[in-house]
Structure formats: structure tokens, C-alpha cells
1. Are there any pairs, at least 6 apart or on different chains, whose C-beta atoms fall under 6 Å, with the first in region 94-116 and of a type in the set (S, T, N, Q) and the second open to solvent by less than 60 Å² (accessible area, probe 1.4 Å) and assigned to a strand (DSSP E or B), and if so, which?
2. Would a scan of region 8-21 turn up a residue that is open to solvent by less than 30 Å² (accessible area, probe 1.4 Å), of a type in the set (Lys, Arg) and not in a loop (DSSP other than H, G, I, E, B)?
3. Being among the β-branched types (Val, Ile, Thr) and at pLDDT 95 or above is the filter; apply it to region 49-86 and report the residue that is farthest from residue 116 (Cα to Cα).
4. Among (1) open to solvent by 40 Å² or more (accessible area, probe 1.4 Å); (2) not in a strand (DSSP E or B), which single condition is residue 86 missing?
5. Considering only region 89-123, state which residues are of a type outside the set (Gly, Ala, Ser), open to solvent by less than 40 Å² (accessible area, probe 1.4 Å) and under 15 Å from residue 7 (Cβ atoms).
6. Among the residues of region 33-42, how many are in contact (Cβ under 8 Å) with a residue 12 or more places away in the chain and surrounded by fewer than 22 Cβ atoms within 10 Å (Cβ to Cβ)?
7. Considering only region 59-81, how many residues are of a type outside the set (Ser, Thr, Tyr), surrounded by fewer than 16 Cβ atoms within 10 Å (Cβ to Cβ) and not in a loop (DSSP other than H, G, I, E, B)?
8. With respect to residue 30, determine if the residue is in a helix (DSSP H, G or I), touching a residue at least 12 places away in the same chain (Cβ under 8 Å) and out of contact with any helix residue (DSSP H, G or I) (no Cβ under 8 Å at 6 or more places or on another chain).
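The values are calculated or read from the model by the stated rules, or taken from the named source; none is laboratory data. These numbers come from a predicted model, not from an experiment. Neighbour counts run over all protein chains shown; Cβ positions are idealised from the backbone, glycine included. Ligands, DNA and RNA are excluded from the accessible area calculation, which covers all protein heavy atoms including side chains. Shrake-Rupley method; radii C 1.70, N 1.55, O 1.52, S 1.80 Å.
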Amino acid sequence: QVQLVESGGGLVQAGDSLRLSCAASGLTFSSYTMGWFRQAPGKERELVAGIIWSSTNEYYADSAKGRFTVSRDNAKNTVYLQMNNLKPEDTARYYCAARPGLITREPASWNYWGQGTQVTVSS
């Protein structure tokens, strides 16, 4: 079965950096668009960044532009999210997701999800 396993979260201070990883198995990774969502308590799940199979198209939420970078290594079946200059408002559980086709911000349109990794940014 398909498994997406996130890692790299933690407790950091404002201004610090983190690199999240998502290792995928059970699917033809190079054929899937990958996304990073986050969800804070009491808030809706939102797409932070996405990258299509060929890495030729990326999406960033306005809150992530200039600070976050999404990348993927199809040889390793892994997608990454480099997060720099973290802010307290970035505190959330971060989820990796996969879908065939293009990037969409609608969570219901993503086929597979990981369990998430917690990112907590203190001020």
C-alpha cells in the first residue's frame, strides 16, 4: 500500500530553519505531484507548497514565498520542504500528500496523505 512518512519537524525558535522530508513508497513516485500542507489547531488544512513530477512547476502559498523551498528527488522517492526564517505563525502539523495530475489547493483532491510532523516555532 502507499505510505508517505514525514520527518524533520521539531521545536525551534523564530528565525531558525527546518528541513522536512517525506519518503514515499508503494506508488510510482515520479508520476505524482507532491504537496506539503499544514494545519494549525482550529484552522483549515492549507497547501503550503507543491511540486509536480518533473519539478518544472511549483506552487507556494503567499505565507511561504521567499522563505520555503520545495524540492524532490525522484531517485530517492522523497520530497523536501526547506523552511527558513521560521515564524511563530508557521506552527502547525505539516503533512505530505500525493496526487496524480496538477497541483491543487483543495485537500480533498489529494489521494494519499502522511501522518504529519509537528513544527513548533517559539517567539
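1. As it stands, the answer is 111/99, since those pairs meet every condition given.
2. No, because not a single residue in region 8-21 is open to solvent by less than 30 Å² (accessible area, probe 1.4 Å), of a type in the set (Lys, Arg) and not in a loop (DSSP other than H, G, I, E, B).
3. Taking region 49-86 and keeping what is among the β-branched types (Val, Ile, Thr), we get 51-52, 56, 69-70, 78-79.
Applying the additional criterion that residues be at pLDDT 95 or above yields 51-52, 69-70, 78-79.
Numbers: 51: 18, 52: 20, 69: 18, 70: 16, 78: 15, 79: 13 Å.
Once the filter is applied, the top-ranked residue is 52.
4. (1)
5. Once the filter is applied, which keeps residues that are of a type outside the set (Gly, Ala, Ser), open to solvent by less than 40 Å² (accessible area, probe 1.4 Å) and under 15 Å from residue 7 (Cβ atoms), region 89-123 yields 94, 95, 96, 117, 119.
6. Keep residues of region 33-42 that are in contact (Cβ under 8 Å) with a residue 12 or more places away in the chain, which gives 33-40.
Checking the rest, the ones that are also surrounded by fewer than 22 Cβ atoms within 10 Å (Cβ to Cβ) come to 39-40.
Residues in region 33-42 being in contact (Cβ under 8 Å) with a residue 12 or more places away in the chain and surrounded by fewer than 22 Cβ atoms within 10 Å (Cβ to Cβ): 2 in total.
7. 1
8. Details: in a helix (DSSP H, G or I): yes; touching a residue at least 12 places away in the same chain (Cβ under 8 Å): yes; out of contact with any helix residue (DSSP H, G or I) (no Cβ under 8 Å at 6 or more places or on another chain): yes.
Against the criterion (in a helix (DSSP H, G or I), touching a residue at least 12 places away in the same chain (Cβ under 8 Å) and out of contact with any helix residue (DSSP H, G or I) (no Cβ under 8 Å at 6 or more places or on another chain)), residue 30 qualifies.
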